[in-house]
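Structure first, commentary second.
What follows is calculated from the coordinates using simple rules that are stated; it is not laboratory data. All figures in this text were calculated on a predicted structure; none of them were measured in a lab. All Cβ positions, glycine included, derive from the backbone under ideal geometry; neighbour counts span all protein chains shown.
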Amino acid sequence: MDPDTGDALSGMRDTAEDRLARIARGDQRAFADLYDATAARIFGLVRRLLVDPAQSEEVTQEIYLEIWQTASRYQPERGSAMSWMLTMAHRRAVDRVRASQSSRERDVKVGVRDYDREYDQVAEHVEITLEGERVKRALAGLTELQREAVELAYYGGLTHSEIAARLHVPVGTIKTRIRDGMIRLRDAMGVTS
């Protein structure tokens, strides 16, 4: 018998279980034979789950790398070698789907968070200007004492005590002037509470 023919016949009789045992001992030829015999089925399962051909090829490559690295963990009493490999393939493909979905969800959240809504700057400027004019007109309707107290509080950022010290009047008087001024402003601006 020709040595090449004998090797070919023994390769045909090899089962996936036999090949995994040889792979566990570092037999590269057994790995190549196992790949040739099972790649279409493994890739088919991965492709059905992932759809994307490039990702399917990448995951299939990862699966065969894992088979090479973990062949010694295969336990024939727990199931066939093909079932073991298909389970591994299914797990890897599902992990990739979940990772992709998680990444998309993160991207959407970041996109929504960072979405800078366009607005009309001219219209906004006009609105702010008009509102400012309304406030000026309403302030003009206050007494001089009320206007002074309100402006120091809201435009000057001073507290009641600081305004009282600056104007040399009691704090209670400042509070009354601000309260009365704000009531008149609200009425003049048409604000309802």
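Results, tabulated for the structure shown:
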read-out	value
Full-stretch length increase - Asp180, Ala165 - with 0.36 nm per residue and alpha-carbon distance subtracted	3.4 nm
Farthest positive-ward along the chain dipole, Cα basis, beta-carbon charges - from Tyr154, Ala165, Ala40	Ala165
Extension gain (nm, one decimal) between Ala54 and Thr143, 0.36 nm per residue minus Cα-Cα	24.4 nm
Mean shadow area of the chain over all directions, Cα convex hull, nm²	23.7
Farthest positive-ward along the chain dipole, Cα basis, beta-carbon charges - from Leu20, Gln69, Leu185	Leu185
For the chain, calculated [θ]222 nm from helices alone, where every DSSP H run of n ≥ 4 adds -39500 (n - 2.57)	-26500 deg cm²/dmol
At R0 = 41 Å, FRET efficiency that the Cβ-Cβ distance of Ala99 and Asp14 yields, to 0.05	0.70
